[in-house]
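Accompanying notes for the structure given below.
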Amino acid sequence: MCVNEKELPSIDIDGLIEISQSILTEIDSKSLYKKLIRFIMKYYMAERVLIFLPYNNGGNNKECTIIEGKRGVEDLNFQKSIILEDNINVVYSIVNHAFNSKENIILHGESLKNLKSLISKDNWNDFENIICSPLIHREKVLGVVYIEKQFYSLEYNEDKFKLLKLILIQAAAAIEKINSERCKLHQVERELRESEERYRRLFELSPDAICVHSEGKIVLANPAIERLYDVDNPKGIIGKNVIDFIHPNYREIAGLRIKHITEGGISTPFIEEKFITKNGEVIDVEVATTAFLYNNKPAVQVVARDISDRRKMEKALRENEALLRQITENTLDMILKVNINGDIQYATPSHKYILGYELEDILGKNVFEFIPEEDKLAASLAFRSLFFNTQQDNKVKFRCKCIEGNYVWVEIGGRILYDSEKNVIGAILSSRDITKNIEAERALMDNEEKTKLLNQAVEYDKLRTEFFANLSHELRTPINVILGTIQLIEFKLRDVIFSEKYTYQKYMKTMKQNSFRLIRLINNLIDVTKIDSGYFELHLSNYNIINIVEEITLSVAEYVQNKGITLLFDTEVEERILACDADKIERIMLNLISNSIKFTEPGGKIEVNIYDEEHEIIISVKDTGIGIPIEKQEQVFERFVQVDKSLAKNKEGSGIGLSLVKSLIEMHEGTIELKSEWTKGSEFIIKLPVRVLSHEEIFIPNNYNHNGNIEKINVEFSDIYL
């Protein structure tokens, strides 16, 4: 140590103790650094004091914070992000050395001059004495204190320097304590933030609506409130009166509960209430409340969950239970619950209607007690099949004894009951009285052959109907093609002259007539099929029935004359309006007249007469033909029946015409009857009711035109060979 003419100020024991206590008890780092710097300036006559503190409190000292104090300057200067290593600044180099070596550095006199000679003037401050001492606590460097003295030489004796080292050791201990407390504080703050974040996330993500109200006003709400109250934003209810969201029937109770909670600081478990949403919808909720402090004010925290769906499910469950009870109590089937031994544990009221017993007469009894002795073996095997057959829909039949001693046949199906360990514990049996069914089955078995024949006939009729429907549609298309071709050939032959023209025209006529005959057969088949299937429709309108019958009769006069037969038409009235399908009336008349022509010899006579009976019109078609034997007359309107197959081939028919005529007349709500005598002729009498349709009832406008009858006549008379 060198000696100077001026010594450092002396420190008494009391002053030292005061300084030590002040440093050791300091809890604020900035105050600590200020006290330390002021102490050094005062007692060591320092011009400038720097405290270097590493960012990581004693670890890597590459980057430091500098706290600078200068004589005559009250405030401290804080500098951050100072890099010590590889720095050309002489002060930083000295401090870096103190950090690394953990040793005190004292420079003055010759040692300081030698250092100055090695460093550029630009990187040097004009000072004469330096003390650089590390702040060490438990072998860890917490920082470095750098002291400068510019104008005075100082004498550094051992006592003075020991005092400085003591103060620095105490300062290091205080820094470590503050850093430790700061770490703890940071840890607590971090845990508090994490806790707050967890609670915030729970609050925001909770499926239950949570809100806090103070003095009756909502002050906090989570997003689930948006769903519960049907608001656009949870903030939209902030400031609203919480009572406004409670159903009027619950407001008084809710008000008392809020008062008890705020005054007594208690909590309430979940109770059920009704809330009102923003749109006025009433919803069922479960609500729990607890006392709460919000912004240091008494408040109430409310947790509410919507139980409307649960209420609906509970209501549906109650309704289903009531429905099930109604079904089981009113079903005609006898439903039993039995244990694995067959003892009856439950029975629906229908057992009384089937067997006649009261409930107390069968509960606890074994099902085999109600089975006659001679049937028990079969019943036992049947029950075994029911319980052990994997086919759960298996049903068994046997007799049961009624209270009056008679027996009824029952059919039993069931489901096996299992316990939680999949052990069979019993069954649910559904029993139905099938006594009448058994009797009917026995009666049916007695008529098995008849039933079989009937089923075959029904199946045959179904197949025949389907066959004719398909066949008719398949035949109509090629026949129309043939007719079109014939008409085209006739048109081409009209202006051509050659020797065999007449012969070809005769052939064409034969082809055309037979095509019309096929069309007639196909039309009849299609219409019969439509009538059988219910798809045939009448297009009714109001017509003069006299005019329709007269026109169609006169239109066939040429055909009748060509056969050498006289055709007469007569009527009692000239006009009679009634509702009919004109096309179907024409078809009826053409069919009846064509039949008369076929079975009337040349020289004979056909008469068509109309009679007015006020409420009905009678149309008679009478001929002097061969007639129909009386034993055959009942078959004449049956389908596919020909009365006499011994007739000439040119008089054969399909057996459909008269059946179709009868169906068409009956669709007009009319009737047809036959009067005939063998060898003397036949008379068909049609009776049609006189009724007129209103304008709204007319299905098709009155557009009947008798000029289109030529093709109809050709078709209906196609089986008459002229």
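The values are calculated or read from the model by the stated rules, or taken from the named source; none is laboratory data. Because the structure is predicted, anything quoted here is derived from the model rather than measured. Ideal geometry is used to build each Cβ from the backbone, glycine not excepted, and the neighbour counts take in all protein chains shown.
For segment 252-297, a residue qualifies if it is within 18 Å of ARG227 (Cβ to Cβ) and polar (S, T, N, Q), and the qualifying residues are THR277, ASN279.
Residue-by-condition table, conditions (1) part of a loop (DSSP other than H, G, I, E, B); (2) out of contact with any Cys (no Cβ under 7 Å at 6 or more places or on another chain):
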{"site": "LYS530", "(1), (2)": "no, yes"}
{"site": "GLU537", "(1), (2)": "yes, yes"}
{"site": "TYR543", "(1), (2)": "no, no"}
{"site": "ILE548", "(1), (2)": "no, yes"}
{"site": "THR553", "(1), (2)": "no, yes"}
{"site": "LEU568", "(1), (2)": "no, yes"}
{"site": "GLU574", "(1), (2)": "yes, yes"}
{"site": "ALA579", "(1), (2)": "no, yes"}
{"site": "ASP583", "(1), (2)": "no, yes"}
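The sole residue among LEU525, LEU538, LEU521 that is hydrophobic (A, V, I, L, M, F, W, C), touching a residue at least 40 places away in the same chain (Cβ under 8 Å) and under 23 Å from GLU697 (Cβ atoms) is LEU538. Within segment 233-284, the set of residues being touching a strand residue (DSSP E or B) at 6+ places or on another chain (Cβ under 7 Å), of a type outside the set (S, T, N, Q) and more than 23 Å from ARG310 (Cβ to Cβ) comprises PRO234, ILE237, ILE238, GLY239, LYS240, VAL242, ILE258, ILE261, GLY265, ILE266. For segment 134-227, the strands (runs of 3 or more DSSP E) that sit wholly inside it and include 1 or more residues that are aromatic (Phe, Trp, Tyr), assigned by TED's automatic domain parsing to the domain that holds ILE19 and under 23 Å from ILE67 (Cβ atoms) are 140-149.
Residue under question is ILE283, and the condition is that it be assigned by TED's automatic domain parsing to the domain that holds ILE218 and assigned to a helix (DSSP H, G or I); does it hold? For ILE283, the condition - assigned by TED's automatic domain parsing to the domain that holds ILE218 and assigned to a helix (DSSP H, G or I) - is not met. Taking the criterion of being assigned to a loop (DSSP other than H, G, I, E, B) and exposed (fewer than 14 other Cβ atoms within 10 Å of the Cβ), the only residue of segment 329-338 that qualifies is LEU332. Annotation: of all residues in segment 350-385 being hydroxyl-bearing (Ser, Thr, Tyr) and surrounded by fewer than 14 Cβ atoms within 10 Å (Cβ to Cβ), the one that is farthest from LYS401 (Cα to Cα) is SER385.
Going by the structure shown, is ILE577 assigned by TED's automatic domain parsing to the domain that holds LEU674, among the β-branched types (Val, Ile, Thr), at pLDDT 90 or above and surrounded by fewer than 18 Cβ atoms within 10 Å (Cβ to Cβ)? Answer is yes for this residue. Note on segment 404-420: residues that are more than 35 Å from the chain's Cα centre (by Cα) and part of a loop (DSSP other than H, G, I, E, B) total 3. Of all the residues in segment 339-357, those that are in contact (Cβ under 8 Å) with a residue 40 or more places away in the chain and either assigned to a loop (DSSP other than H, G, I, E, B) or within 39 Å of the chain's Cα centre (by Cα) (or both) number 4. Taking the conditions (1) in a helix (DSSP H, G or I); (2) surrounded by 14 or more Cβ atoms within 10 Å (Cβ to Cβ); (3) under 33 Å from the mean Cα position of the chain (by Cα) in turn, LEU323 satisfies each one other than (2). Inspection of segment 232-254 identifies at least one residue that is touching a Cys at 6+ places or on another chain (Cβ under 8 Å), in a helix (DSSP H, G or I) and surrounded by 14 or more Cβ atoms within 10 Å (Cβ to Cβ).
Within segment 290-309, is there a residue that is surrounded by fewer than 18 Cβ atoms within 10 Å (Cβ to Cβ), within 24 Å of LEU205 (Cα to Cα), of a type in the set (Gly, Ala, Ser) and within 27 Å of the chain's Cα centre (by Cα)? Looking for residues that are surrounded by fewer than 18 Cβ atoms within 10 Å (Cβ to Cβ), within 24 Å of LEU205 (Cα to Cα), of a type in the set (Gly, Ala, Ser) and within 27 Å of the chain's Cα centre (by Cα), one finds at least one in segment 290-309, hence yes.
For segment 503-542, enumerate the residues that are β-branched (Val, Ile, Thr) and within 14 Å of ILE482 (Cβ to Cβ). Listed by number, the residues that qualify are THR510, ILE519, ILE522.
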